[in-house]
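Please read the structure below before turning to the comments.
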Amino acid sequence: MGKRILVHVCCGPCATSSIERLLEEGYEPVLFFSNSNIFPNEEFLKRYENLLIVAQHHNLEVIIDSWDHDQWLEWIQGLENEPEHGARCSRCFRFNLLRTEKKAKELSIPLFCTTLTVSRFKKSATIFAMGEDLEGFEPIDFKKKDGFTKSVKLAKEMNLYRQEYCGCEFSWR
Ligand code: SF4
């Protein structure tokens, strides 16, 4: 039996190489799609459906969280005009990590991590800082071991939708 881990997944493409690496390293991943930051809801569902393709490929379970975008907007209030990679984004990571910690506790899964670290547009150190005090958080840097390049290749092979903006309405511009 591997180590059970709840994996916060932001989208299908980022899940590809991250899941492969976790399986190679002997983890037993349970996928958690918790992304209230994504706007609009159609986009949230589109990214979820893409994740299902990846999950089916590995025969893994996916748990979908509710889409509480209003709650997320309240959480980042005052930071709407921050540039991407700034304070709004750190707070956004925190929101999703807190939800994942809560879900891991509910399911008695001892560990959790996030695929957010695969993106070359996001600093893993910032994500780790947002999770370091949370119970069970595993600071896995999915960018390492060529994670980003592999995710691009695998997403192409699986014919996955690749979004052109990070997620929230403030990342459109
Ligand atoms: S740009 Fe991306 S990381 Fe930053 S707040 Fe928006 S959705 Fe979150």
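The values are calculated or read from the model by the stated rules, or taken from the named source; none is laboratory data. All of these numbers come straight from a predicted model, not from anything done at the bench. Because the Cβ atoms are built from the backbone with ideal geometry, glycine has one as well, and the counts that use them run over all protein chains shown.
Pick out the one residue from LYS145, LYS156, LYS123 that is under 14 Å from the mean Cα position of the chain (by Cα) and farther than 22 Å from LYS102 by Cβ.
On the way: LYS145 fails: under 14 Å from the mean Cα position of the chain (by Cα); LYS156 fails: under 14 Å from the mean Cα position of the chain (by Cα).
That would be LYS123, the only listed residue that is under 14 Å from the mean Cα position of the chain (by Cα) and farther than 22 Å from LYS102 by Cβ.
Of the residues GLU43, GLU74, GLU80, GLU84, which single one is surrounded by fewer than 20 Cβ atoms within 10 Å (Cβ to Cβ), within 15 Å of the ligand (Cβ to nearest atom), in contact (Cβ under 8 Å) with a residue 60 or more places away in the chain and part of a helix (DSSP H, G or I)? Lay out the reasoning, then the answer.
Numbers: GLU74 fails: in contact (Cβ under 8 Å) with a residue 60 or more places away in the chain; GLU80 fails: part of a helix (DSSP H, G or I); GLU84 fails: part of a helix (DSSP H, G or I).
So the residue among GLU43, GLU74, GLU80, GLU84 that is surrounded by fewer than 20 Cβ atoms within 10 Å (Cβ to Cβ), within 15 Å of the ligand (Cβ to nearest atom), in contact (Cβ under 8 Å) with a residue 60 or more places away in the chain and part of a helix (DSSP H, G or I) is GLU43.
Restricting attention to segment 64-87, does a residue exist that is closer than 15 Å to THR114 by Cα and aliphatic (A, V, I, L, M)?
The first filter runs over segment 64-87 and keeps only residues closer than 15 Å to THR114 by Cα, leaving 64-65.
Filter once more, so that each one left must be aliphatic (A, V, I, L, M): 64.
Yes: segment 64-87 contains one or more residues that are closer than 15 Å to THR114 by Cα and aliphatic (A, V, I, L, M).
Would you mind telling me which numbered condition in (1) farther than 18 Å from CYS11 by Cα; (2) charged (D, E, K, R); (3) within 13 Å of the ligand (Cβ to nearest atom) GLU132 fails?
Every listed condition holds for GLU132 apart from (3).
Report yes if some residue within segment 91-105 is away from the ligand (no atom under 16 Å from the Cβ), at pLDDT below 95 and closer than 30 Å to GLU24 by Cα; otherwise report no. Spell out the reasoning first.
Within segment 91-105, the first condition is being away from the ligand (no atom under 16 Å from the Cβ), and the residues that meet it are 101-105.
Keeping just the survivors that are at pLDDT below 95 gives none.
Scanning segment 91-105, I find no residue that is away from the ligand (no atom under 16 Å from the Cβ), at pLDDT below 95 and closer than 30 Å to GLU24 by Cα, so the answer is no.
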